Each structure stands twice: as structure tokens, then as C-alpha cells.
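Report on the following structure.
Only the coordinates and a few stated rules stand behind these numbers; no lab work does. Note that the structure is a prediction, hence the values are computed from the model and not measured. Here the Cβ positions follow ideal geometry from the backbone for every residue, glycine too, while neighbour counts run over all protein chains shown.
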Amino acid sequence: MGRQLDPDSLIGQLRLASPPQLDTLYVVSGDEPLLVIETCDALRAAAARAGFGERISMTLDARSDWSSVIGATQNVSLFGDRRLVDVSIPSGKPGKTGADTLLKLAEMAGGGALADTMLLVSLPRLDRATRAAKWAQGLFGAATSVEISQIERPALPQWIAQRLARQNQQLDRETLEWMADKVEGNLLAAFQEIQKLGLLYPEGRLSAQDVEQAVLNVARYDVFGLRDAMLAGNPARALAILAGLRAEGEALPLVLWAVGDEVRVLARLAAAQAGGDIQAELRRQRVFGQREQLLRQALNRVPPGSWPAAVQHAHDIDRLIKGLKVPGRLDDPWEELGRLALRIAVSRPRKPRGVAA
């Protein structure tokens, strides 16, 4: 049966054992490229220390010749070396032939048929449907798997602190938060900035001034982060992301699409809620999971009568983008977009009926 480890636990185990005790099949998946690379590199280094002197590397997709993978596990080296077969599937979609091959490899690994061979499969984070596919179930069921989650903003200061501790450096909490703001959404850049601090300054506690002089503003914002901050009622973060998108030259129509589309969905949900059948509308809008939770937060915070005006506000911003004047609106559509985000993010929770204002 397969087992699951987090990256730090796996890397710690690999470093402690000499020679490392390795399993036959490893699967590393996730959407943080830095952590995926680090985990795979640690496995490759451990394999080399354990005597896997030959490495066969393949990058495959649905159109590839998957028979080469089976061949790589069966061909005997002229020198009798143990081999590492390193398979990368960047798309996460192996296709029918690939799926059948991965299932066969999982069966071979579970049955002890991969003598002197270690198989490493790296994947992006799989969506729910793909994760439930027969090939994925079989692969993860037979492998030691490392599923790497994205480092979200609340966890980023602690992650930075842990990485600094590896080079015997420390920062106060306020400076960690400041640094997290500068590298948010770009973990590779965060890693590079931490390494820079290790090169520029000695071990010990770093001052906020030293860090501010060394760290670049490399945050990468996206329209979905803006949408989530707005729905969650975090106005400061929403405005910070909007300013970042503007500074990075993001296309204003795309930003308006992300915000305006969510406003229209919320208006429909508010109307359905008033009619007592919000569940049907949620299904109709294909809303589920974390997004449903955020939408419900916004619905509970914003008075239902406010949504028609919010929809009109989005239409007015669209006209401003096209160069048209709109009475009662600022000429700068970016500023009006900020106002629209704020009217949703800062609205107070609705009071229950019968409670005095």
C-alpha cells in the first residue's frame, strides 16, 4: 500500500539514513515548482548515494511513446548498475496509453517486479476528477507520494522564517510580514531573496533596514487573488493586489472581467436567496468548495439590495475603459474599480431581522 509524506519529512529521512533506504516508486505532485524541484532533487541525490548509478530521464504527455518507460525498467545495464527512471508528466494528462502504462508500473512496483530500479514520477497538482481516475488511484496507491500544497499568504512569513533559520538568520515578525508582502505569489523569488540575505549578511538577527535594502518587490498578483480578497472582506489586501496588477501592466478589461463576473454571480445568488432557493442557483452557476464559502461570506456581509447597484457600477467601469464619460464616476477606471471592490469588501454584516441598527 502507498504512503504519503510531506516534503520536509521525506527530505529529513533521506538525509538521516546512510545509505538512504529507498522505496521502489515515488510520486511527487504539486503546483509550487520550487518545492517540487527540491523534493525531486533530494530523491535523485539519495538515489545516487544508494548506488543507483544510471539515470534515465523522460518528459512525457498523451502523445508520447510510453513503451519506452516499460523498456527502461526492463533493460539490463551492461555494467549491472541500479537505475533511476525519472518520468515527468508536466500536463498531468498521460492519455489512454500513458494511463495504462502507469497502472502497469504501479502493479510492477507493488509486485516486486522492478528489481534494481527506482521509479520517480513528477506531476502537477491534479484536479479532483483526474485524482479520481483509475490510473492516478493505482499510482498513488502503490507509491510513496509527496503532494505539495501551495504556500498561501498567511503561511508565508513562517516559511520564510524556517528558510532563514537554515542559514542561521532570524527576523522579527513585523519584518517577516513585510518581506512576505514583497514576494507574495512568487516562491522562487522568495527563495532567491532569502539566499541573497545569507550572502550579504552574517548569521544572527537581521535588522529591518538591512532587509528592506536587500529585498526586491517581486510579488506577483493575479485577478483571482483580487476576487478572493474582495469576497473575504479584506479591503486592504484587495487594494494592494489591485495596485500590484496596475503596476505590473495587467490588462484592465481582464481585471474588470474577474471582478464584474463575480458581482453578477453574487447578484443572481442574492436574488435566489431572497426566493429561498440558493442551492439550485449555486449548482446552476457551478459554484462549490472554497469559492462557495467566499461567496456566502459576501452575501452575508452585503445587504441584498446593494447588488443591482454593484452590477451597474461594473457596467459603468466598462464604459470608462472604452473612453466614455459616466456621470458621477471618476475618469480613471482603475480608481472606480477600486471603489467597486471596496463597496463589497467593507460592507458590514447584515443584522438579523428584528435587531435594531
Q | Loop-resident sites, the range 122-185, for GluC sites (Glu not before Pro), counting at most 14 other Cβ within 10 Å (DSSP) | A | GLU152
Q: Between the alpha-carbon centers of the range 198-246 and the range 93-107, tell me the distance in whole angstrom.
A: 41 Å
Q: With the cut-off at 20 Å, report for the range 83-220 the share of all Cα pairs above it, as a whole percent.
A: 58 percent
Q: Just need the Rg to Rh number for the range 223-346, please, alpha carbons only, Kirkwood Rh.
A: 0.97
Q: Name the shape class, rounded, prolate or oblate, that the alpha-carbon gyration tensor gives for the range 153-215, where a ≥ b ≥ c are the square roots of its eigenvalues, rounded holds for a/c under 1.5, and otherwise prolate holds if a/b is larger than b/c and oblate otherwise.
A: rounded
Q.
Quick check: from the Cα gyration tensor, does the range 3-148 come out rounded (a/c under 1.5), prolate or oblate?
A. oblate
Q: Write out the GluC sites (Glu not before Pro) in the range 213-303 meeting two conditions: DSSP loop, and at most 12 other Cβ atoms within 10 Å of their Cβ.
A: GLU248
Q: First measure r as the distance between the Cβ atoms of ASP65 and PHE288, then evaluate 1/(1 + (r/R0)^6) with R0 = 30 Å and state the FRET efficiency to the nearest 0.05.
A: 0.20
Q. Going by alpha carbons, how many degrees (0 to 90, nearest 10) lie between the helix axis of 95-110 and the longest principal axis of the chain?
A. 50 degrees
Q) For the chain, which longest stretch is free of loop sites, where a loop site is one of the trypsin sites (Lys or Arg not before Pro) that DSSP puts outside H, G, I, E and B and that has at most 11 other Cβ atoms within 10 Å? A) 64-285
Q: Determine the calculated [θ] at 222 nm for the chain from helices alone, applying -39500 (n - 2.57) to every DSSP H run no shorter than 4 residues and normalising by the residue count; nearest 500 deg cm²/dmol.
A: -17500 deg cm²/dmol
Q.
Above 33 Å lies some portion of the pair distances; for the chain, what is it as a whole percent of all C-alpha pairs?
A. 49 percent
(Q) Just to confirm a number: summing +1 for Lys and Arg and -1 for Asp and Glu over residues other than ALA17 whose beta-carbon lies under 13 angstrom from that of ALA17, what do you get? (A) +1
Q: Could you list the chymotrypsin sites (Phe, Trp or Tyr not before Pro) in the range 24-131 that lie in coil according to DSSP, counting only those with at most 11 other Cβ atoms within 10 Å of their Cβ?
A: PHE79
Q: Send over the Kirkwood Rh of the range 137-281, from the inverse of the averaged 1/r over different Cα pairs, rounded to one decimal Å.
A: 18.1 Å
Q: Rounded to the nearest 10 degrees, what's the angle between the helix 333-345 long axis and the longest principal axis of the chain, both from Cα atoms, 0 to 90?
A: 90 degrees
(Q) Using only Cα atoms and rounding to the nearest 10 degrees, what angle (0 to 90) does helix 7-16 make with the longest principal axis of the chain? (A) 30 degrees
